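S.K.: Once you've had a glance at the structure underneath, I'll fire off some questions.
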Amino acid sequence: MNIPFLELSRMEESLKDRLKNRFSEVLDTGIFSGGKEVIQFEASVSQFLNSFHSVSCANGTDALELALRALGIGSGDEVIVPAMTWVSTAEAVVLVGAKPIFWDTDSQGLIRSDWEKAVTNKTKAVIPVHLYGKMAEMMTLTKQAKSLGIFVVEDAAQAFGSFQDGKAAGTWGEVGCMSFYPTKNLGALGEAGMCLTQDSGLAEKIRLLLNHGQPFRDQHEMVGRNSRIDTLQAAFLNVFLEDFQENQRKRKVIAKQYLDAFSGIDGLSLPLDILNENHNAHLFVIQSERRDELKAFLARQGVGTAIHYPKILPDMKPYRTEGDFSNARRLANEGLSIPLNPYLKEAEVDFILDQLTRFFRTE
Ligand SMILES: Cc1ncc(COP(=O)(O)O)c(C=O)c1O
């Protein structure tokens, strides 16, 4: 067997044809920035996630930076960030001139609920990251933030389509940031991102910031930048959106098979809540003290795996910080993502189930 962790070239021929057709349509219009595909994409996301404003941009890292700038966060400010996340969460804070203050996570990689202990008189915001697709406890977190008078910027880059109490990831905070990087559950054929907000003033400011500060051509009201989405990426995302729910169903079916097969294995922790609506089953991350051995074993059997992420941010050179990050560090040392995507074939899932259980039974 040769089962890649994720190989996007495996998408069905019929889907490839739909994407090629949409490419031809865009080519014929001659409009490659803005236009009806972008308008349609934003409207569809707003409707699906029940978000008042959905402002597309060039990628998820920009979305975070735009959100922080729109909230007026900059030099001298502090922003609380979980120790275990993709680097962009802290990178965006530094890019706007503020300081990331790292806080440990729980066993699932979500910011620990006592993060408010990190608050100082410089704290302007907290960024919960819905890591692997599982949402942080947002009702409590938004209440805590409100009582402390600080903003919530959700890093929902991995959590498109997760809902908590019927409310979508990205719609709880002042701004929610999405990534449509190709490997995401809703991924473009390139780079794309989005800010969700329920506040019209913030939406307007984000739109200005991502388009050189111009409400109209050649009228520049603030120093902005160019972070517009490509029309082509919006067009491809409109096609991928048509299949989103069906792909989610496929992910959940596979996740259930894994849960059923692996529950009760000694020394193996399974992802919590992955079948619930507050988890979009973006990644299936198991945890074991024997992670490296298991990864090597699966590789020998032809099963690709990945580590999200092998190093916590406070241990990285640009973000070096001392502190108690023991849960986050454990996840970095013991977490292993096994294949979970709509392109997996039944026989492949069976093979993964067999090999993984064999490892814990015999090795
Ligand atoms: C948690 C998290 N935050 C931010 C990002 C940044 O998104 P992008 O790669 O689109 O810049 C990603 C995606 O890679 C992510 O997983």
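S.K.: Ordered by packing density, taken as the mean number of other Cβ atoms within 10 Å over each peptide's residues, highest first, how do 58-66, 96-104 rank?
M.R.: Result, highest mean first: 58-66, 96-104.
S.K.: Okay, next question. Summing +1 for each Lys or Arg and -1 for each Asp or Glu, what net charge is found among the other residues whose Cβ lies under 10 Å from the Cβ of T231?
M.R.: 0
S.K.: Could you list which residues have their amide H under 5 Å from that of W103, counting only those 5 or more apart in sequence or on another chain, with H placed in the peptide plane?
M.R.: Placed amide hydrogens put V81, A83 under 5 Å from W103.
S.K.: Obtain the nm distance between the two label points defined at Q47 and T183 by a simple spin-label model: each point lies 7 Å from its Cα along the Cα-to-C-beta direction.
M.R.: 3.2
S.K.: Oh, and also: Compute the distance in nm between two label points, each set 7 Å from the Cα along the Cα-to-Cβ direction, one at E116 and one at D28.
M.R.: With each label placed 7 Å out from Cα toward Cβ, I get 5.8 nm.
S.K.: HN-Hα J couplings of the range 311-322 from phi, Karplus 6.51/-1.76/1.60, θ = phi - 60°, integer Hz, Gly and Pro as x?
M.R.: 3J(HN,Hα) across the range 311-322, in whole Hz: 9, 7, 4, x, 8, 8, 3, x, 10, 3, 9, 8.
S.K.: Another question, then. Among 345-356, 324-335, how do they line up by average Cβ neighbours within 10 Å per residue, starting with the highest?
M.R.: By packing density, highest mean first, the sequence is 324-335, 345-356.
S.K.: Report relative contact order for the chain in percent, whole number only (criteria: Cα-Cα under 8 Å, sequence separation at least 6).
M.R.: Relative contact order, the chain: 22 percent.
S.K.: ³J(HN,Hα) across the range 290-297 via Karplus (A = 6.51, B = -1.76, C = 1.60, θ = phi - 60°), whole Hz, x for Gly/Pro?
M.R.: With coefficients 6.51, -1.76 and 1.60, one gets 9, 3, 5, 4, 5, 4, 5, 4 Hz.
S.K.: Oh, and also: Residues with amide H under 5 Å of S33's amide H, sequence separation 5 or more or different chain, H placed in the peptide plane at 1.01 Å from N; which?
M.R.: When sequence neighbours closer than 5 places are left aside, the close amide H contacts are T231.
S.K.: Let me ask something else. Which of the aspartates and glutamates could a cross-linker bridge to K252, judged by Cα under 17 Å and excluding same-chain residues fewer than eight apart?
M.R.: Cross-link targets: D243, D260, D273, E277, E346, E348, D350.
S.K.: Provide the packing ranking of 48-54, 154-160, i.e. peptides ordered by the mean count of other C-beta atoms within 10 Å per residue, highest first.
M.R.: Details: 48-54: 19.0, 154-160: 29.7.
So the peptides 48-54, 154-160, ranked by packing, come out 154-160, 48-54.
S.K.: Which of E25, E91 has the fewest other C-beta atoms within 10 Å, and how do the rest follow up to the most?
M.R.: By the 10 Å Cβ count, ascending: E25, E91.
S.K.: Label 7 Å along Cα→Cβ of D315; the range 264-301 residues with amide nitrogen under 19 Å?
M.R.: 269, 285-296
S.K.: Distance between Cα centroids, the range 298-315 to the range 45-87: provide it in whole Å.
M.R.: If we compute the Cα centre of each part, the gap is 27 Å.
S.K.: Using Cβ counts within 10 Å as a stand-in for footprinting exposure, how do M1, M194, M138 rank, fewest first?
M.R.: Taking fewest neighbouring Cβ atoms as first place, the list is M1, M138, M194.
S.K.: Okay, moving on. Only counting other Cβ atoms within 10 Å, I'd like T142, T362 sorted with the fewest neighbours first. Please list the in-between numbers first.
M.R.: Values: T142 18, T362 6.
Fewest to most other Cβ atoms nearby, the residues stand as T362, T142.
S.K.: Given a Förster radius of 30 Å and the C-beta distance between V253 and R290 as r, what FRET efficiency does 1/(1 + (r/R0)^6) yield to the nearest 0.05? Display every interim value, and only then the final one.
M.R.: Values: r = 27 Å, r/R0 = 0.91.
Calculated value: 0.65.
S.K.: Take the alpha carbon gyration tensor of the chain, find the square roots of its eigenvalues, order them as a ≥ b ≥ c, and report rounded if a/c is under 1.5; if not, report prolate when a/b exceeds b/c, else oblate. All intermediate terms of the calculation are to be shown ahead of the outcome.
M.R.: On the way: a/c = 2.04, a/b = 1.20, b/c = 1.70.
Oblate, since a/c reaches 1.5 and b/c is not below a/b.
S.K.: Can you flag which of K184/K311; K143/K250; K20/K311 are past 30 Å Cα-Cα?
M.R.: From the list (K184/K311; K143/K250; K20/K311), the Cα-Cα distance tops 30 Å for K143/K250; K20/K311.
S.K.: Calculate the FRET efficiency for L275 and D165 from the Cβ-Cβ distance with a Förster distance of 22 Å, rounded to the nearest 0.05.
M.R.: That gives a FRET efficiency of 0.85.
S.K.: Along Cα→Cβ, 7 Å out, is where each label goes; now give me the distance between the ones at E322 and K16 in nm to one decimal.
M.R.: Going from the E322 label point to the K16 one covers 5.6 nm.
S.K.: Say R0 is 56 Å: what FRET efficiency, to the nearest 0.05, do D199 and A347 get from their beta-carbon distance?
M.R.: 0.70
All of the numbers you see were taken from the coordinates with simple rules; none came from a lab. Only a predicted model underlies this, so the values are computations on that prediction, with no experimental measurement involved. Because the Cβ atoms are built from the backbone with ideal geometry, glycine has one as well, and the counts that use them run over all protein chains shown.
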